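Let me begin by presenting the structure, written as structure tokens, before commenting on it.
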Amino acid sequence: MTTTERSVPKPVFTDAEAGAREFPDSSASARRYNYFTPAKRKQTHYEDVTVEVQPDPRHYLTQGWIYGFADGETGYPLHWTKLKAWGVDRPEPQRGPGTGGLPVENWPAHGWHEFRDPNEEWEQTIYRYNANVVRQLNQNIENARNAKSFEQWSTNWVRFVERHVGAWMHIEHVLGLYVFAANERSAPTNMHNTALAVNSAHKIRFAQDLALYNLTLTEEIEGFDGTAHLDAWNSDAEWQGVRKVCEALTAIEDDWGEALLAANIVFEPLLGELFRSHLVMQSASGHGDFVTPTVMGAGEYDFAQRDLRWTVACLAPLTQDREFAEHNKSLMQGWLSHWVPQALEAARQLQPLWSQPDAKPPRFEDSLDRAKNRFAGICRDLGLDTPEELKQ
């Protein structure tokens, strides 16, 4: 018998099926983000999670900003700082109908996107770093409690720590919440905003370290007044200059760049390091105190090894900008001339603190000279001239 072949449609492959097409990035080894140029030969995890995460019509977002504020502002307005980076003044690309807009060649990419945080901070590194710092501090303090080392402190040093070391927590709290956190959303790229957020986290954590240390000393040292730092901050003449400058930093209006420079380039070297490194950490050992320097030293490391490093990496290229170098340099020199005299005046009001410990630290003038030299070196790193006001 002969059978007639059934009339069944035969499959015809057209290469239109899902997964049929081979793309350059199809292999597992090539599945990495490729919408940005890495700073080095190979992109890092930090770059994958921060670089150009937020959109920018001046870079590649053809349909324009997809969100805005109630007052009509859209996205990340560049005028939230007077600093400028190349391409800022170029017009945004022309838009066309539809979600994709018109094809655009040679995007007017501006130089803000060239910034990379040398610390490569992102969400995971914040948790890891701060957890390690807190763990180490807790171990140091617990070791001191077990060794009964707090009983060896002189009465004069106890009074100094309860008033003046405790007073520094107010500064860290103000800078963390009302300077860095307050400006975190104002910068034009995710790389800047992430660095500002981490800087804020360092400050808030350090303020908490000092607060918890104050509570521990209240429990461990008989007669330790855990509220004395409030009276020192509110009433002591030595602290009123520092308090004035610190609170003035919170009143900088609509310029995250000035807030960053004033806090990390002026306030920290001329006042922060002056007090922490040249007074507290120099005096403590002579009073049998090996714990307070570790607490203060953690905050010192936050600034000297991390916060200052990203600030210089952020601001220094702007004084060499291909379009706005002179504008930026003139602007930053003006900011220095405004803030340096205030910081030096506040520093001199701190001078009486150098005579309070029994074991005297280096002379105040020597400490201030070292702080000034440190500040002058930072100015050179930024490509700025050392302000004449530093001679005061």
Using r as the Cβ-Cβ distance of Ser149 and Ser337, and R0 as 35 Å, what FRET efficiency do you calculate, to the nearest 0.05?
0.15
For region 187-245 and region 106-179, what is the separation of their C-alpha centers, rounded to whole Å?
9
Contour excess over end-to-end distance, with Cα ends at Thr250 and Lys391 and 0.36 nm allotted per residue:
48.1 nm
Length released on extending from Glu219 to Lys82, taking residue separation times 0.36 nm less the Cα-Cα span
44.4 nm
Cα centroid separation, region 354-388 to region 37-90 (Å):
37
Taking R0 as 45 Å, what FRET efficiency do you get between Arg41 and Asp71 from their Cβ-Cβ distance, rounded to the nearest 0.05?
0.55
In the chain, if the dipole is taken from +1 on Lys/Arg beta carbons and -1 on Asp/Glu beta carbons about the Cα centre, which of Gln320, Gly68, Pro293 is farthest to the positive end?
Gln320
Using Cα pairs closer than 8 Å and at least 6 residues apart in sequence, work out the relative contact order for the chain, in percent.
19
If you roll a 1.4 Å probe over the heavy atoms of the protein chains, what accessible area per residue do you get for the chain, in Å²?
50
Between Asp56 and residues 5 or more places away or on another chain, which pairs have amide H atoms under 5 Å apart, with H built 1.01 Å from N, and which residues are they?
Leu61
Using θ = phi - 60° and Karplus 6.51 cos²θ - 1.76 cosθ + 1.60, couplings along region 140-151 (whole Hz; Gly, Pro as x)
5, 5, 5, 4, 5, 5, 5, 7, 6, 6, 5, 5
For Glu326 paired with Phe290, estimate the spin-label separation in nm (one decimal), with each label point 7 Å from Cα along the Cα-to-Cβ line.
5.9
For the chain, what % of the accessible area comes from carbon and sulfur atoms, probe 1.4 Å?
50
To the nearest 0.05, what FRET efficiency results for Gln124 and Thr227 with a Förster distance of 30 Å applied to their C-beta separation?
0.20
Greater than 28 Å apart at Cα, pairs in Lys329/Lys372; Lys84/Lys391; Lys148/Lys372; Lys40/Lys372
Lys84/Lys391; Lys148/Lys372; Lys40/Lys372
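The values are calculated or read from the model by the stated rules, or taken from the named source; none is laboratory data. The model shown is predicted, which means the values in this text are computed figures rather than measured ones. Here the Cβ is made from the backbone with ideal geometry for all residues, glycine too, and neighbour counts use every protein chain on show. Side chains are part of the model used for accessible areas, which takes the heavy atoms of the whole protein and leaves out ligands, DNA and RNA. Shrake-Rupley method; radii C 1.70, N 1.55, O 1.52, S 1.80 Å.
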